[in-house]
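Submitted below is the structure of interest, expressed as structure tokens.
Nothing in this text is a laboratory measurement; each read-out follows from the coordinates by a stated rule. As the structure is a computational prediction, the values presented were derived from the model and not from experiment. Here the Cβ positions follow ideal geometry from the backbone for every residue, glycine too, while neighbour counts run over all protein chains shown.
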Amino acid sequence: MDLNELWRSVLGELQVTLSKANFETWFKNTFIFEQKKNVFTIGVPTFFVEDWLKKKYIKELERAIEKQTEEKSPVIKFKIASPQPDQVITFAQDKLIHKPVEKPAHSSPQKSTPQTLPQNTTLSDNYVFENFIVGPSNQLAHAAAIAVAASPGLQYNPLYIYGESGLGKTHLIQAVGHELLKKHPNKKVLYVSTETFINDFIQAVGQGFGKAKDFKTRYRNVDLLLIDDIQFLSSKEGTQDEFFHTFNHLYQNKKQVILTSDRTPKDIKGLEVRLKTRFEGGMVCDISQPDLETREAILRHKAIQLKKEVADDVISYIASSISSSVRELEGALNKVLAACSLTKCDITLDKTKEILSNMVIEKQQTLTPDVIIREVHKFYNIPIEDLLGPKRTKEFVSARHIVIYLLRHLCNLSYPEIGRKMGGKDHSTIMHGCKKIETNISSDLRVKEDLTILKDRIYSSVS
Ligand code: ADP
Ligand code: MG
């Protein structure tokens with residue numbers, strides 16, 4: 001079997017359960033270096049990625065490889081290596097190769113040290129207006145994005161786009177960046193996730209005046225600032241303050257700011273009132289779930305991009321089975337295409353039904369405490385009885401606190417309700433666990449990262 005094809009299918013499978021950011025961060029430029037019997041060596045770009053994949057994704061990788069190869073208990077090893085050009089996997093939803101956007105016109109190259117300025121100044125090649133299908137669910141946001149691209153900083157500032165995960169927010173705001181650069185190649189466009197903004201800020205503060213200045217230059221010296229998933233700014237007082245000043249600076253200089261979030265400004269708990277007011281002062285629009293016709297159009301467009309012929313009945317079937325997110329819709333199409341190409345069979349309706357049957361069943365769940373408990377159990381690989389039980393092992397206790405925190409924040413359960421769910425623990429124990437995570441989240445990067453991944457997994461397993 002062709003190892004590249006195998007890796008494509010494995011990634012196709014993982015892609016469905018991970019957010020785009022996570023998927024790209026950890027799987028970009030990975031490939032199968034070699035296979036000897038049941039030992040699969042994965043080529044990874046850095047030790048850091050190796051370490052992370054080992055800790056967080058090894059089970060998923062084993063499972064996906066086992067499924068694709070029918071090799072019982074595959075053994076996974078890692079090796080730091082660069083892929084050959086033909087080993088770089090690209091997907092319909094996003095080319096995994098990025099092109100830098102910030103043009104260091106006059107600055108010397110060594111100025112932008114890779115450690116402090118990671119690939120967050122990049123736009124995905126695919127996220128352009130031409131690839132964005134417009135329907136009733138995203139019409140308004142699309143129109144606003146077009147207007148902003150035509151006259152940035154003038155009409156709708158800031159533009160705030162909100163909607164659930166996987167509905168095209170990132171795509172749309174990056175399209176504005178592309179469009180602006182197409183017309184004015186010298187303009188400075190900066191796209192960052194809110195997490196990157198926060199991390200950059202924390203680093204800048206921790207490293208003294210010079211870095212703080214770099215930070216200011218970096219964020220204030222742009223024509224278009226795209227900040228993704230601003231809800232993560234919630235309860236980060238120091239960063240909110242800095243963001244407020246950054247925002248004001250840009251706004252006063254008639255520079256455009258575009259923000260996305262999974263909720264309205266009003267609904268972001270722990271966001272300062274002055275920021276809410278600013279966000280609401282521009283244009284706020286939402287993206288909702290696409291209707292059937294739009295979903296079909298998106299699939300058709302993706303199939304054309306991939307140069308694959310996909311029959312109408314297959315398109316209709318996929319579009320009617322998956323309604324909640326475009327990301328999943330694409331994941332499903334990728335999965336069908338990969339499976340058919342791997343087994344060299346035609347893409348028929350029956351085959352599609354067979355391939356998607358598991359996926360569709362999995363998706364019909366709703367967010368319940370059990371989903372959270374299950375995902376935490378899988379993530380830390382801790383048996384459910386130990387997660388809920390009384391054992392005081394450090395590892396169990398900290399995973400337990402994570403469950404408590406998520407039950408409180410994602411399911412809005414009261415402390416006594418959580419206590420009952422957690423095998424009859426009392427109110428004060430639960431409150432203590434929850435507070436512990438709430439405190440640690442801003443100081444402990446590990447906790448923060450774990451929660452980001454877990455939330456992604458939880459949401460994608462129920463959406
Ligand atoms: P969000 O930021 O809202 O979570 P993304 O922008 O990451 O969602 O979109 C998820 C995937 O779905 C991306 O690959 C994107 O290209 C695709 N997508 C979303 N909406 C559309 C659309 N209207 N037309 C084409 N592709 C879309
Ligand atoms: Mg996004």
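Can you give the FRET efficiency to the nearest 0.05 for residue 432 and residue 273, using r as the Cβ-Cβ distance and R₀ = 22 Å?
0.15
Once the chain is represented by equal point scatterers at the alpha-carbon sites, with solvent omitted, what log10 I(q)/I(0) does the Debye formula produce at q = 0.06, 0.12 Å⁻¹?
Result of the Debye calculation: -0.27, -1.19.
Taking a 30 Å limit on the Cα-Cα distance, which of the listed pairs 56/169; 335/391; 77/378; 59/421 fall beyond it?
Over 30 Å apart, Cα to Cα: 335/391.
Mind listing the long-range amide H neighbours of residue 75? Cut-off is under 5 Å, sequence gap 5 or more, other chains count too, H placed in the peptide plane at 1.01 Å from N.
Excluding prolines and chain starts, which carry no amide H, the hits are 39, 40.
Could you state, as a whole-number percent, how many of the C-alpha pairs of the stretch 373-414 are farther apart than 12 Å?
The calculated P(r) of the stretch 373-414 puts 54 percent of pairs beyond 12 Å.
Take each uninterrupted DSSP H stretch in the chain, measure its Cα extent along the helix axis, and return the ones at 15 Å or beyond whose mean Kyte-Doolittle hydropathy is at least -1.0.
3-17, 139-150, 169-183, 194-206, 292-305, 326-342, 349-363, 369-380, 394-410, 427-443, 445-462
Hey, what's the per residue convex hull volume over the C-alpha atoms of the stretch 3-96, in cubic angstrom?
Normalising the Cα hull of the stretch 3-96 by residue number yields 87 Å³.
Could you please state, rounded to a whole Å, how far the C-alpha centre of the stretch 367-412 is from the C-alpha centre of the stretch 416-463?
Here the two parts' Cα centres lie 7 Å apart.
What net charge do the residues around residue 223 carry, taking every other residue with its C-beta under 9 Å from that of residue 223, with Lys and Arg at +1 and Asp and Glu at -1?
Numbers: positive: 187, 188, 255; negative: none.
After counting each charged neighbour, the total is +3.
Could you list 49, 336 in order of exposure, starting from the residue whose Cβ has the fewest other Cβ atoms within 10 Å?
49, 336
Take the alpha carbon atoms of the stretch 292-358, find their radius of gyration, then divide it by 2.2 N^0.38 Å using N residues; give the quotient.
Details: Rg = 10.6 Å, N = 67, 2.2 N^0.38 = 10.9 Å.
Normalised Cα radius of gyration, the stretch 292-358: 0.98.
Then there's this: Residues of the stretch 308-335 with backbone nitrogen within less than 12 Å of a virtual label 7 Å along the Cα-to-Cβ line of residue 300, please, listed as ranges.
Label zone hits: 310-313, 315-316.
Here's a follow-up. Determine, from the Cβ-Cβ distance of residue 323 and residue 449 and an R0 of 30 Å, the FRET efficiency 1/(1 + (r/R0)^6), rounded to the nearest 0.05.
Approximately 0.45, to the nearest 0.05.
Using only Cα atoms, locate the centre of the stretch 178-219 and the centre of the stretch 245-271, then give the distance between them in Å, rounded to an integer.
15 Å
Would you grab the residues whose amide H sits under 5 Å from the one on residue 123? Only those 5+ places off in sequence or on another chain, please, with H modelled 1.01 Å from N.
Amide H to amide H, under 5 Å and 5 or more residues apart or across chains, residue 123 pairs with 99, 101.
Same structure, new question: How much length is gained on full extension from residue 88 to residue 266, taking 0.36 nm per residue of separation minus their Cα-Cα distance?
Extra length from residue 88 to residue 266 when fully extended: 59.8 nm.
Modelled label-to-label distance, residue 244 and residue 344, 7 Å Cα→beta-carbon offset: nm?
6.5 nm
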